[in-house]
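Right, one structure below, let's go through it.
The values are calculated or read from the model by the stated rules, or taken from the named source; none is laboratory data. Because the structure is predicted, anything quoted here is derived from the model rather than measured. Because the Cβ atoms are built from the backbone with ideal geometry, glycine has one as well, and the counts that use them run over all protein chains shown. Note: areas computed on protein heavy atoms with side chains; ligands, DNA, RNA excluded. Shrake-Rupley method; radii C 1.70, N 1.55, O 1.52, S 1.80 Å.
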There are 2 protein chains.
Amino acid sequence: MTTYRELSKAAQEELLASLYEEYKGFVAKGLKLNMTRGKPAPEQLALSHGMFDVLSSKTDPAIIGELLHEGQVDDLRNYGGLVGLPEARALMALIMDVAPEETIVCGNSSLNIMYDLVSQAMTQGIANQTPWAKLDAPVKFLCPSPGYDRHFALTAHFGIKMIPIPMTAEGPDMYLVERHVNTDLSVKGIWCVPKYANPCGVTYSEDIVKQFASLTPAAKDFRIYWDNAYAVHDFTQPGDALPSIKAACEKTGNKNLWYMFSSTSKITFAGAGISAVASSPENIEEIRSRLSLQTIGPDKLNQLRHVLFLKDLNGVRAHMQKHAEILAPKFKKVLEILDAELSGLGLGEWTRPKGGYFISYLGMSRTAKRIVQLAKDAGLILTEAGATYPYGNDPYDSNIRIAPSYPSLEEIEVASRLFVLCVKIISLEVLLKRK
Amino acid sequence: MTTYRELSKAAQEELLASLYEEYKGFVAKGLKLNMTRGKPAPEQLALSHGMFDVLSSKTDPAIIGELLHEGQVDDLRNYGGLVGLPEARALMALIMDVAPEETIVCGNSSLNIMYDLVSQAMTQGIANQTPWAKLDAPVKFLCPSPGYDRHFALTAHFGIKMIPIPMTAEGPDMYLVERHVNTDLSVKGIWCVPKYANPCGVTYSEDIVKQFASLTPAAKDFRIYWDNAYAVHDFTQPGDALPSIKAACEKTGNKNLWYMFSSTSKITFAGAGISAVASSPENIEEIRSRLSLQTIGPDKLNQLRHVLFLKDLNGVRAHMQKHAEILAPKFKKVLEILDAELSGLGLGEWTRPKGGYFISYLGMSRTAKRIVQLAKDAGLILTEAGATYPYGNDPYDSNIRIAPSYPSLEEIEVASRLFVLCVKIISLEVLLKRK
């Protein structure tokens, strides 16, 4: 197959003219397609409608009103239960591969937990270190990139300086991570999505996790912010296995180095799930003591709904299998069209994740913004180019995040065909300019 | 009637001996009574069991999945809806006597909203003023006292200096409030529970609210933190009417001066209600823009449950009437026993609120701590003496908060009799020491 680059200028021009014609056809359709965010589709949300029925006014009052757990009696409808329903802690601990006593279960948003941890580090400090807001030099966070835009946005919000760290096929560039963390006192954190990383789909390897656990941070309040958002979100079996950061850190004696986050946002309801933070008992006690000033307790009834509906790890896995049956064909469809239309053209590469919510497209330099704009002009909204980099700055302007979960299979087919067309057009325009 | 003070030493000693005997009888019962917190009783929580049924897997998907509101379609199960379900904003606006567009509906804890506002003032600043964490001099908050212990605890947590302001029968001492607010640049806030104040039950008068609205703060980022926790929580009809702080501030041109908070914690489920913040459109936009970094949206399904269950202000009032029927006899019982046992003895005074969750007992100086301890030794746990003052410091050691909502009527009778006995014993001991 001939790559676009190898075509003569005349052939490129002829091809571009025919692609413009094709593009006009898409514009004429008046499409309204959205592949911006990792949102579950309506049919995925419907998988959890059974959760509406686990509590009713006919439910045994002993379940709703009082839940006996290890000698504790709690009225789940009332105030209290600061660290969460014991059964919910056990469930989330299973999902996160940690112990229940290392887990605090909160409200519907794990992002909110992360925000609060950074916020409290600013005002209260971590482990008796100076609160970051009181430091003269600005605090820095390492940001493996491309990464999760909301991590970066909240970091920027606190005036924390973000240092991009390139992602490799098995995780962040650990040489750079080590150099920054082990030598710079102002480096206080690193954002990680260690399984099915947003957006590139990578799951960190055993070596990478070991290297994380072996860091010797200059700052005593440096922590790894391990956002395990896709812990059980495989759509291919067997999925990727993420090595335990907890076990690795215990082995190296760095037991307080990690904070882990997870939620059921992409298990049950994206807007009405439960979230959790896990860490060493020492860190958890620090988090708990602050939480006691912030709230009287989480929504334990929603935690109970989750426990009654999902039951245990087998229940979670069976439920996630249903998600997989909806998600897998959507990812397959995008990849089929990318493979059929772009393979061998020399224009870019794309990822083939076994789980998570994203496909990452890496194209030619200085094409991503224009591809996203061209798609938008024909009615397909993609994640803004650059959004997956700190400060929205993709140095090569080459990365585009594709989120196939929300649209229907039919919409995905149209959207993917429009996407590859936009890739071809913009890439050709760039090639022609170089001539 | 002869007051205890007027009794001879011998008569006081004889009386005290007989009261000790009576006390021994209570100790022998091995009681376990708790009147510490303003927690709804199990039968109050049971009033909202109907809310378990408003959503089921058989509910019309158009209600759960898509709620049409003023042209917006939202999938309530999914991410989004940062400022809350429109219908929930309308409902909470009615409860708070403000407009829906001035209202943001959040998770289960209004305390959490207050914490976040203070926290964000520390790190981000209010209205483009310097973030409080960056100021050289510590920020100060005015604390009408006795007041809500959790307000004070969170204020202390942020290192904010608390200035106690005495409470009068119609609200805080406004002479002092004005003096501090209008002259001191470091005074950034005041905590108010303006209706059925925790713990003294006072509802701020028209004059007080007007004086609040007429403040001319030295600090541009001074705000009134108006915790309208008991907005619809009357148990006597007609209840107190709280003048509108919003209307008053609009009249004086101080439109950005107020933040209002409320929740359904004491309407539906204490642990699984919905909370709200209201303020001027300008302040709300500032809060919204920060919220966008903190979360992708609140639990809109729980907001929907509330809307379907409570419906409108009439629904809320009818529901609160049921609470009143449970609460009123409990308050009546405490007051009956206080009246019968302590009236005319010259030992103290107590409040007679028309709503809210507390009776406030104001006794002789240097008695509160010992009364609370004596009650505890016989199995009755009361709110820690001093807890209702900044830094836990009741300057006269004379105030005790009585929370009659949670125990049963039978328990309240026993607890109240034990309480008045402890008041008599400690007061007599103090009087005897003075002889």
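Residue check, A:Ala17 against (1) in contact (Cβ under 8 Å) with a residue 12 or more places away in the chain; (2) more than 14 Å from chain B (Cβ to nearest Cβ); (3) closer than 30 Å to A:Leu382 by Cβ; (4) open to solvent by 40 Å² or more (accessible area, probe 1.4 Å), all met but one. Which one?
Result: A:Ala17 passes all but (1).
Which count do you get for residues in the stretch B:43-58 that are at the interface with another protein chain (Cβ under 7 Å from one of its Cβ atoms) and open to solvent by less than 50 Å² (accessible area, probe 1.4 Å)?
7
I'd like to check something: does the stretch B:238-249 contain any residue that is closer than 19 Å to B:Tyr148 by Cβ, away from chain A (no Cβ under 14 Å) and outside any loop (DSSP other than H, G, I, E, B)?
yes
Here are some conditions: (1) within 11 Å of chain A (Cβ to nearest Cβ); (2) touching a helix residue (DSSP H, G or I) at 6+ places or on another chain (Cβ under 8 Å); (3) open to solvent by less than 50 Å² (accessible area, probe 1.4 Å); (4) within 25 Å of B:Lys266 (Cβ to Cβ). B:Ile64 meets all but one. Which one does it not meet?
B:Ile64 satisfies every listed condition except (4).
Considering the stretch B:148-181 alone, what residues qualify as being open to solvent by 50 Å² or more (accessible area, probe 1.4 Å), free of Cβ contacts under 8 Å to residues at least 40 places away in the same chain and either away from chain A (no Cβ under 14 Å) or of a type in the set (Asp, Glu) (or both)?
Residues satisfying the conditions are B:Lys161, B:Pro166, B:Thr168, B:Ala169, B:Glu170, B:Tyr175, B:Glu178, B:Arg179.
State the number of residues belonging to the stretch A:94-115 that are open to solvent by 20 Å² or more (accessible area, probe 1.4 Å), in a helix (DSSP H, G or I) and more than 10 Å from chain B (Cβ to nearest Cβ).
Summing the residues that are open to solvent by 20 Å² or more (accessible area, probe 1.4 Å), in a helix (DSSP H, G or I) and more than 10 Å from chain B (Cβ to nearest Cβ) in the stretch A:94-115 gives 3.
Find all pairs meeting these conditions: Cβ atoms under 6 angstrom apart; at least six residues apart or on different chains; first residue within the stretch B:408-433 and closer than 17 Å to B:Gly25 by Cβ; second residue open to solvent by less than 10 Å² (accessible area, probe 1.4 Å) and modelled with pLDDT under 95.
So the pair list comes out as B:Ala415/B:Met35.
Considering only residues that are open to solvent by 10 Å² or more (accessible area, probe 1.4 Å), part of a helix (DSSP H, G or I) and out of contact with any Asp or Glu (no Cβ under 6 Å at 6 or more places or on another chain), which ones fall in the stretch B:355-400?
Within the stretch B:355-400, B:Arg370, B:Val372, B:Gln373, B:Leu374, B:Lys376, B:Asp377, B:Tyr391, B:Gly392 meet the criteria.
Here is a check on your reading of the model: is A:Ser292 touching a residue at least 12 places away in the same chain (Cβ under 8 Å), of a type in the set (S, T, N, Q) and open to solvent by less than 40 Å² (accessible area, probe 1.4 Å)?
no
Specify the residue that is farthest from A:Leu293 (Cα to Cα); the eligible residues are those in the stretch B:116-159 that are aromatic (Phe, Trp, Tyr), within 19 Å of the chain's Cα centre (by Cα) and not in a helix (DSSP H, G or I).
So, considering only residues that are aromatic (Phe, Trp, Tyr), within 19 Å of the chain's Cα centre (by Cα) and not in a helix (DSSP H, G or I), the one farthest from A:Leu293 (Cα to Cα) is B:Phe141.
When the residues of the stretch A:260-295 are narrowed to those that are assigned to a loop (DSSP other than H, G, I, E, B) and within 21 Å of B:Tyr115 (Cβ to Cβ), which ends up modelled with the lowest pLDDT? So that I can check it myself, show each step before the final result.
The initial filter retains those residues of the stretch A:260-295 that are assigned to a loop (DSSP other than H, G, I, E, B), namely A:264-274, A:280, A:295.
With the extra rule that they be within 21 Å of B:Tyr115 (Cβ to Cβ), the set shrinks to A:274, A:295.
On the way: A:Ile274: 98, A:Thr295: 95.
Checking each candidate, the answer is A:Thr295.
Take the residues in the stretch B:22-40 that are charged (D, E, K, R) and surrounded by 15 or more Cβ atoms within 10 Å (Cβ to Cβ), then tell me which one is modelled with the lowest pLDDT.
Selected residue: B:Arg37.
Out of the stretch A:77-93, which residues are touching a strand residue (DSSP E or B) at 6+ places or on another chain (Cβ under 8 Å), in a loop (DSSP other than H, G, I, E, B) and crowded, with 24+ Cβ neighbours inside 10 Å?
If the condition is that a residue be touching a strand residue (DSSP E or B) at 6+ places or on another chain (Cβ under 8 Å), in a loop (DSSP other than H, G, I, E, B) and crowded, with 24+ Cβ neighbours inside 10 Å, then A:Gly84, A:Leu85 are the ones that fit.
Could you give me the residue pairs with C-beta distances under 7 Å whose first residue belongs to the stretch A:133-144 and is away from chain B (no Cβ under 14 Å), whose second residue is open to solvent by 60 Å² or more (accessible area, probe 1.4 Å) wherever it lies, and which are 6+ apart or on separate chains?
From residues that are away from chain B (no Cβ under 14 Å), the pairs are A:Lys140/A:Lys161; A:Cys143/A:Pro164.
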